[in-house]
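**Student:** Sending over a structure as structure tokens; questions will come in a sec.
The values are calculated or read from the model by the stated rules, or taken from the named source; none is laboratory data. Owing to the predicted nature of the structure, the values given are computational and were not obtained by experimental measurement. Here the Cβ positions follow ideal geometry from the backbone for every residue, glycine too, while neighbour counts run over all protein chains shown. With ligands, DNA and RNA removed, areas are computed over all heavy atoms of the protein, side chains included. Shrake-Rupley method; radii C 1.70, N 1.55, O 1.52, S 1.80 Å.
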Amino acid sequence: MPDIPGILAGSFTMSPEQQLAQLVAGTAKVLSEKELLEKLKLGRPLRIKLGVDPTAPDIHLGHTVALEKLGQFQRLGHQAVLLIGDFTATIGDPSGRSATRPPLSRDEVLVNAATYTDQAFKILDKSKTEIVYNGDWFRKMSYEEILRLNSRVTLQQMLQREDFRMRIDAGKEIRLHELQYPVMQGWDSVEIRADVEIGGTDQLFNILVGRDLQKEEGQPQQVVMVMPLLEGLDGVRKMSKSYGNYIGVNDAPQEMFGKLMSISDELMDRYYLLLLGETRDANAHPMDSKKSLAEKVTNRYHGAEAGPAARADWETRFSKKDLASAELPEISVATLGDEYTVLSLSAFAFRSAFGIEKSNGELRKQFISTGSVQLNGEKLTDPTASVRPSPGDVLKLSKKHAVRFVA
RNA sequence: GGGUAGAUGCCCGAGUGGUUAAAGGGGGCAGACUGUAAAUCUGCUAGCAUUGCUUACGUUGGUUCGAAUCCAUCUCUACCCA
């Protein structure tokens with residue numbers, strides 16, 4: 001069991017009540033606010049646990065919501081404990097799963113964990129974050145200890161869980177090791193001596209198991225704090241790669257900025273709350289608020305220079321509609337063949353600059369005949385006309401897609 | 001094991017022998033308007049080709065001048081009975 005790190009000269013700038021108000025904002029559920037307030041009143045830095053499963057290599061803003069909350073605790077002077085589930089990842093969290101998750105190899109897990117922490121430290125202060133790997137204790141456990149741990153929970157408790165229940169009802173298999181997952185996550189909390197555990201709404205059950213085990217061990221029970229799922233760009237469905245409505249933390253600055261500008265006003269309020277932990281100024285013009293949101297988020301992932309630059313470029317391009325001075329993907333004329341029609345050039349530009357395949361029919365019907373395709377502002381409405389772009393020319397394909405030709 | 005209903009384009013869903021590349025809605029895309037917001041309006045939404053061709057209505061085969069529509073076969077799904 002790790003020692004509790006020495007209490008840092010705790011100079012909290014906010015009263016427990018003020019902290020509470022800030023911390024509760026944006027959460028889906030806190031069990032309970034009363035307990036949290038009591039802990040805050042202890043006057044020492046609380047140990048805030050966030051467990052991550054390094055199962056996917058790339059993360060998007062939806063994954064950062066819980067991290068942001070952890071960061072908020074950290075900024076208030078509490079101890080962030082980032083738990084890397086290197087051991088549990090090899091089992092796979094059954095949360096929200098309708099089937100057994102394929103196990104990951106240890107190497108895959110470590111690679112994913114590294115990219116994850118890189119991203120996490122864009123939100124968290126690395127020097128003040130404690131990182132722990134649960135393999136450190138689970139790999140050492142003897143079978144005897146495992147049995148002892150398992151004797152603390154009942155099958156009935158585990159089966160209360162909705163995911164398991166549904167799988168039983170549906171006649172789907174549940175492998176016994178999957179039942180271990182919540183127990184292990186719970187044990188992590190004991191090892192960490194967590195005062196608070198943060199997770200997504202799907203983590204509620206697992207976090208509660210942590211409370212049970214802490215009680216068994218005679219520890220104070222952790223406060224449960226679950227965060228809502230972040231809606232994606234459509235404002236309706238949760239942000240997910242498979243829905244194509246996500247903003248990747250590795251998206252290029254301009255792309256990130258642009259995607260953020262395209263969200264609805266309602267969604268903007270959510271993003272303010274869940275991504276920045278702020279409330280937007282209701283008196284400001286929505287567009288200005290959105291620009292400032294986009295700038296802050298872009299700064300966070302690409303450095304303080306990136307936000308203003310992306311903003312300036314966005315304004316040049318979309319507010320002033322000045323494509324000529326905007327930063328655009330470039331295509332070298334040297335890579336072009338000799339013969340190009342408006343049609344084939346559009347297809348080529350879409351493919352090479354944006355990786356988008358458009359059928360000729362679609363290009364003809366939607367992009368060319370509508371006047372969307374323009375060379376230096378001049379509409380190219382004849383798909384069969386031949387064109388020969390020169391360096392410096394700007395080809396606009398649609399509102400959001402344009403390229404510049406260079407030598 | 002028995003019975004019933006069903007399987008249509010990205011999704012939902014109409015269509016029961018010919019004018020059906022397949023109604024309608026959703027979603028998506030493009031344009032107009034705008035704040036790359038919302039709302040609204042217009043158009044597109046199988047592929048290739050300058051009014052034609054090819055591929056498509058779970059599978060395979062058959063009937064027919066002609067089938068998503070009829071017959072057989074197989075696969076799958078839902079519900080009911082044992």
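**Student:** For chain A, what does -39500 (n - 2.57) per DSSP helix run (n ≥ 4), summed and divided by total residues, give at 222 nm, in deg cm²/dmol to the nearest 500?
**Tutor:** The helix-only estimate for chain A comes to -10500 deg cm²/dmol at 222 nm.
**Student:** Over chain A, what is the relative contact order in whole percent, taking alpha-carbon pairs under 8 Å and six or more residues apart?
**Tutor:** Normalised by residue count, the contact order of chain A is 14 percent.
**Student:** Going by average Cβ density within 10 Å per residue, which order do the peptides A:293-304, A:187-198, A:234-245, A:58-69 take, highest to lowest?
**Tutor:** A:187-198, A:58-69, A:293-304, A:234-245
**Student:** Quick one: of A:238/A:358; A:126/A:296; A:34/A:126, which pairs are farther than 25 Å apart, Cα to Cα?
**Tutor:** A:238/A:358; A:34/A:126, as the Cα separations exceed 25 Å there.
**Student:** Give me D for the range A:328-393 in µm² s⁻¹, whole number, from Stokes-Einstein with Rh from the Kirkwood sum over alpha-carbon pairs, 20 °C and 1.002 mPa s.
**Tutor:** The estimated diffusion coefficient comes to 178 µm²/s.
**Student:** Plugging the Kirkwood radius over Cα pairs into Stokes-Einstein for chain A, at a temperature of 37 °C and a viscosity of 0.692 mPa s, what D comes out in µm²/s?
**Tutor:** The calculation lands on 136 µm²/s.
**Student:** Once fully extended, how much extra length lies between residue A:356 and residue A:296, figured as 0.36 nm per residue of separation less the alpha-carbon to alpha-carbon distance?
**Tutor:** That pair, residue A:356 and residue A:296, stretches by 18.7 nm at full extension.
**Student:** I want the local charge near residue A:265. Using Cβ-Cβ distances under 10 Å, sum +1 for each Lys or Arg and -1 for each Asp or Glu among the other residues.
**Tutor:** Residues near residue A:265 contribute 0 overall.
**Student:** Could I ask something else about it? Going by Cα centres, the range A:224-264 and the range A:28-49 are how many Å apart?
**Tutor:** 29
**Student:** Which Rg and Dmax, in Å, describe the Cα atoms of the range A:257-307?
**Tutor:** Gyration radius and largest Cα-Cα distance of the range A:257-307: 10.2, 29 Å.
**Student:** Continuing with the same structure: Order these peptides, A:329-335, A:26-32, by their mean beta-carbon neighbour count within 10 angstrom, highest first.
**Tutor:** Highest-to-lowest ranking by the protection proxy: A:26-32, A:329-335.
**Student:** For the range A:209-287, what does the relative contact order come out to in percent, with C-alpha contacts under 8 Å and a separation of six or more?
**Tutor:** Answer for the range A:209-287 is 19 percent.
**Student:** Same structure again: Could you work out the percent of alpha carbon pairs in the range A:244-363 separated by over 21 Å, rounded to a whole number?
**Tutor:** 50
**Student:** Next question. Give the accessible surface of the range A:272-352 per residue, rounded to a whole number of Å², with probe radius 1.4 Å and ligands, DNA and RNA excluded.
**Tutor:** Per-residue accessible area for the range A:272-352 comes out at 50 Å².
**Student:** Follow-up. Counting DSSP beta bridges in chain A, what percent are antiparallel, to the nearest 5?
**Tutor:** So the antiparallel bridges amount to about 35 percent of the total.
**Student:** Right, another one. Quick one: Debye curve from the alpha-carbon atoms of the range A:107-236 only, equal weights, vacuum; give me log10 I(q)/I(0) at q = 0.11, 0.12, 0.16 Å⁻¹ to two decimals.
**Tutor:** -0.50, -0.59, -1.03
**Student:** To the nearest 10 degrees, how steep is helix A:64-75 against the longest Cα principal axis of chain A, on a 0 to 90 scale?
**Tutor:** Once rounded, the angle reads 60 degrees.
**Student:** Still on this structure: Which aspartates and glutamates does residue A:241 reach when only Cα atoms under 14 Å apart count, and residues fewer than 8 places away in its own chain are ignored?
**Tutor:** Here the aspartates and glutamates satisfying the reach criterion relative to residue A:241 are A:58, A:231, A:251.
**Student:** On C-alpha positions alone, give me the angle between the axis of helix A:106-120 and the longest principal axis of chain A, in degrees, nearest 10.
**Tutor:** 70
**Student:** On to the next question. Select from A:345, A:363, A:386 the residue farthest towards the positive end of the dipole of the range A:309-407; place +1 on Cβ of Lys and Arg, -1 on Cβ of Asp and Glu, and compute about the Cα centre.
**Tutor:** Result: A:363, furthest along the dipole toward the positive end.
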